[in-house]
Each structure stands twice: as C-alpha cells, then as structure tokens.
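What follows is calculated from the coordinates using simple rules that are stated; it is not laboratory data. Keep in mind the model is a prediction, meaning the values are calculated, not measured. Cβ coordinates were reconstructed from backbone atoms using ideal geometry, including for glycine residues, and neighbour counts include every protein chain displayed.
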Amino acid sequence: MRNYNVQCSMQNEGWQLSLIKKIITTLSLIVFFAFTFTIPARAQFDGKEGKDFGLWMTVGMEKKINKKWSVGLEFEYRLKDNIEEGKHWGAPARWNVAVEADYKPLSWLKFDAGYKFMRDYSLAEWDEEDQEETEAFWCSKHRVFFSATGSYKVQNFKFALRERWQYTYRPEVADVTYDWEHDRLEPKKGKGNNVSRTRLMVSYDKKKAWYEPYVSVEMYLAEGIEKMRYTAGCEFKLSKHDEIDVFYRYQDITDDDCYNDRDSHIVGVGYKFRF
C-alpha cells in the first residue's frame, strides 16, 4: 500500500509539473505576441537615425551522432517595422537557411562550423561622391562561419565565451544603381566582408531544470566595432526533444557605414527539435 501511495504521489507530481510547463509556455507566448504586435503600433521609428523594431523567428532541428558530434539545420525569418518609407509593421527583412556541425572534444569546449544562405532586403541609398542612387532591392548572400566556445560552471551558473569568425559574400546585383552623371543603370558590385564576433553569455543552468534563463553581450569587430548586441531570454525544455527559446535583444549600431542596420529593439522566438 505504501509503494502504491508513493507511486501515485510521483505520478501526481509529474502531471502537475507537466501542467505547469504548459501554462508557463502558453503565457510566455501570449506575452511575446502581445508585446510584438502592440509596441510597434505605437512606436515612431523612422529614418536611419531612429530606432527600429524587429521580430525574429527560427525553427530548427539537431541530430546527435555520438557524444562528440552533432549536426543541425535551421530556418530563420525576420520582420522589421518601418523598414522603408510607406511600409509599416510586418515588412520582411530577411530569411535564411543554415546547416551546421558541432564537435565537442571536451566537456567545457565546443567547436562548430557551418554555411548559411540568406535572402536579404537592402534599403535605398544615395552616394553623394559618385552621384549614384541605389534603389531598394532583394539579394542573395552566402556566409561561412567557424566558432570556438569555452564554458565554465560555478554552482548553478554557467559562463560561456564564444569566438566566431564569419565571411559573408554578396554577388553582383544587376540594374539597381542609377548613375545620374552618365544617365544609365549600373549593377551593384559584389562585396565580401570578414567579421569577428565575441559573445559572453551567463545562464542559470540548474541540473534537471526545464528552464534556463540567460543574458549575453556580443561585439562585432571588423575594421572597428560595428555593432553591439545585448540579449536577455529564457530557454524552455518542454520535453526530451522539444525546446523553445524566447528573448529580447537590443542592437546598438556603432558603424556609420552600416546603412542597412539601425539601432533596434528585437523580440525573438525559436523552436528546436532534438533527436
């Protein structure tokens, strides 16, 4: 009888924990969508000098090959508010597909490398020196990256430092630039860009906990500091295979030449399936 009562008690606790997970996840998503669709409607973000508002959504899957190796696939879709004059909330800004491989030789060290194909929306711009006007256009971009991440745990807090190198190439885009001096359309020349990214993340990683809140700061470095990203979020492990990530991010653009980027408030949600 005692064993039966203990078993019933454990089943009740498991059922209650599952219900709490569903309630918190549902409330998180409700708050997320409420925040996403009410703040932009009241915000006044216009021009490069103003601040933008973005919504980033990702869906991904990860396959663990063995204790050291895993591979992944991810799709991302980004929206921006007031991305160009005359457009309001919900303007598409970018979508991309990425493939990635991770290698973990030690418990505290991980390497990853991957390729990302992007379709990106570039804003119209005016070149005073060359007297050229480029209209807004969609373009393809190719990106390769390599990262090394070291982590260290102090009780329930985990500190992780990631160093990433990435190279992005945009091929030539035909007939999007108008040369006023010679009265003709010209292509936008192809361009490559090397960037070094340094990210420090601190998370509350309690053993067997189904949630993991975190904060991070990331620096983009090329010829100088291009931008900074400040993020706060939480990962919810709904089951052994399902995981949801909800975050808020502030992006601070420090490079005046980054015409297509603005200081931005970003809300993101991601789903990952592990198997």
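Details
- Structure note, pairs Lys64/Lys110; Lys80/Lys104; Lys68/Lys141; Lys116/Lys237; Lys63/Lys237; Lys104/Lys191: Cα-Cα distances above 24 angstrom occur for Lys80/Lys104; Lys68/Lys141; Lys116/Lys237; Lys104/Lys191.
- Listed peptides 244-253, 56-65 by packing density, highest first (mean Cβ within 10 Å): 244-253, 56-65
- Distance between modelled label sites at Trp126 and Ala113, nm, 7 Å Cα→Cβ extension: 4.6 nm
- Packing, as the average of other Cβ atoms within 10 Å across residues, places the peptides 231-240, 101-110, 181-190 in the order 231-240, 101-110, 181-190, highest first.
- Principal axis dimensions, the stretch 182-267 - Cα atoms, whole angstrom, descending: 67, 26, 22
- Projecting label points 7 angstrom from Cα along Cα→Cβ for Lys67 and Glu186 puts them 6.0 nm apart.
- Inter-site label distance for Tyr211 and Tyr178 at 7 Å from Cα along Cβ, in nm: 5.4 nm
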